[in-house]
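The values are calculated or read from the model by the stated rules, or taken from the named source; none is laboratory data. All of these numbers come straight from a predicted model, not from anything done at the bench. Using ideal geometry, Cβ is built from the backbone for each residue, glycine included, and neighbour counts are taken over all protein chains shown.
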Amino acid sequence: MNIPPLKSNFVAVGPYRLSMARAGQGPSIVLLHGIPTHGFLWREVAPRLVEAGFEVTVFDLLGYGDSDKPVDADLGIAAQARYIVDALEEVGWRGGYIVGHDIGGGVAQLIALANPNVIAGLVLIDTIAYDSFPEPGIARLKEPAWDDILTAPDFDLKKGFAKGLTRGMVRADRVTTALIDAYERPFRGVEGRGAYLRAARALRTEDLTSRMGAIETLPVPTMVIWGERDVFQSVTYGQRLVEAMPNARLEIVADAGHFLPEDAPEFLAELIVKFTTPSQGA
């Protein structure tokens with residue numbers, strides 16, 4: 001596709017800066033990543049949404065990607081939802097669709113709960129829900145021993161990222177050195193690995209479990225999409241959420257894992273376009 005790249009910028013949220021990229025014109029779609037990814041996750045999805053006639057905004061959550069990585073900020077999903085809401089207000093966002101993957105899906109749920117009148121719809125991709133997070137590989141990083149392990153000068157975070165991507169994707173041919181490098185880059189070096197540790201440790205189950213009763217009653221049109229072979233987030237959580245919400249449906253994608261935007265970007269973009277375009281929806 002011959003589509004100009006999204007224009008990157010920074011938006012101030014209190015004392016911090018969030019990295020934001022935007023392109024296109026039309027109804028708005030906001031894309032939110034999970035852990036340990038950043039806006040790069042959407043590089044093959046966003047252009048297809050722009051081509052379909054949408055304005056697309058991609059954020060790096062605070063502590064991730066090119067956004068600031070403060071040592072003293074709350075990086076839990078409830079706080080991340082507030083940062084994104086503030087950032088959208090700062091850039092004059094008037095409403096639209098919120099798409100979230102992994103913890104970004106949890107952030108999206110909380111944004112919709114706080115601002116249901118400006119949310120046209122939710123797309124939750126292999127999302128956290130209820131008490132599904134942090135998953136064991138992330139939860140163990142709360143153990144004190146990881147302070148010394150992860151911040152050791154010779155620790156190779158790329159090996160961990162390679163393992164996670166390999167487990168979380170069906171298309172093993174796409175787990176290249178370049179892909180691993182792209183996801184590891186924001187957390188490179190001792191300071192970067194410290195930032196990764198802070199982001200992982202900030203994930204608190206209660207940020208979402210305390211609000212699930214209200215989320216289950218959200219009338220916002222919602223599409224929950226799941227990779228059939230997701231090993232990090234069980235599809236049973238997606239099924240439970242869809243059964244509870246009054247206006248939700250579930251799409252299961254065969255031959256795809258947790259990192260659905262990597263495994264099936266074209267098909268994922270098609271699902272989003274159909275859901276967000278009334279004439280093409282259900």
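Criterion first (in contact with a Lys or Arg (Cβ under 6 Å, 6 or more places away or on another chain) and more than 11 Å from residue 122 (Cβ to Cβ)) does residue 238 satisfy it? Here the answer is no, as residue 238 does not meet what is asked.
Could you check segment 29-49 and list, in sequence order, the residues that are over 15 Å from the mean Cα position of the chain (by Cα) and surrounded by 22 or more Cβ atoms within 10 Å (Cβ to Cβ)? Scanning segment 29-49 gives a single hit, 49.
Kindly evaluate residue 201 against the criterion of being more than 21 Å from residue 41 (Cβ to Cβ) and at pLDDT 95 or above.
Spelling it out, residue 201 is indeed more than 21 Å from residue 41 (Cβ to Cβ) and at pLDDT 95 or above.
Can you give me the number of residues within segment 223-238 that are in contact (Cβ under 8 Å) with a residue 24 or more places away in the chain, among the hydroxyl-bearing types (Ser, Thr, Tyr) and not in a loop (DSSP other than H, G, I, E, B)? Adding up the residues that qualify gives 1. Residue 223 meets all of the listed conditions (1) within 23 Å of residue 60 (Cα to Cα); (2) more than 16 Å from the chain's Cα centre (by Cα) but one, namely (2).
For the residues 241, 203, 218, the requirement of being out of contact with any Ser or Thr (no Cβ under 6 Å at 6 or more places or on another chain), of a type in the set (A, V, I, L, M, F, W, C), surrounded by 21 or more Cβ atoms within 10 Å (Cβ to Cβ) and in a loop (DSSP other than H, G, I, E, B) singles out 203. The condition (being out of contact with any helix residue (DSSP H, G or I) (no Cβ under 8 Å at 6 or more places or on another chain) and surrounded by fewer than 20 Cβ atoms within 10 Å (Cβ to Cβ)) is satisfied by just one residue among 231, 273, 190: 190. Close contacts from segment 113-126, counting a first residue that is among the aliphatic types (A, V, I, L, M) and a second that is at pLDDT below 95 and surrounded by fewer than 24 Cβ atoms within 10 Å (Cβ to Cβ), with Cβ to Cβ under 9 Å and a gap of 6+ residues or different chains, come to 118/94. Taken as a whole, segment 34-46 holds at least one residue that is of a type in the set (Lys, Arg) and under 18 Å from residue 9 (Cβ atoms). Can you tell me which residue within segment 80-113, out of those that are aromatic (Phe, Trp, Tyr) and not in a helix (DSSP H, G or I), is surrounded by the fewest Cβ atoms within 10 Å (Cβ to Cβ)? Here the answer is 93. Residue-level analysis places residue 220 among those that are touching a strand residue (DSSP E or B) at 6+ places or on another chain (Cβ under 6 Å), more than 17 Å from residue 101 (Cα to Cα) and touching a residue at least 12 places away in the same chain (Cβ under 8 Å).
Results for (1) surrounded by 23 or more Cβ atoms within 10 Å (Cβ to Cβ); (2) out of contact with any Phe, Trp or Tyr (no Cβ under 6 Å at 6 or more places or on another chain), shown as yes or no for each residue.
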site	(1), (2)
56	yes, yes
78	no, yes
115	no, yes
120	no, no
124	yes, yes
127	yes, yes
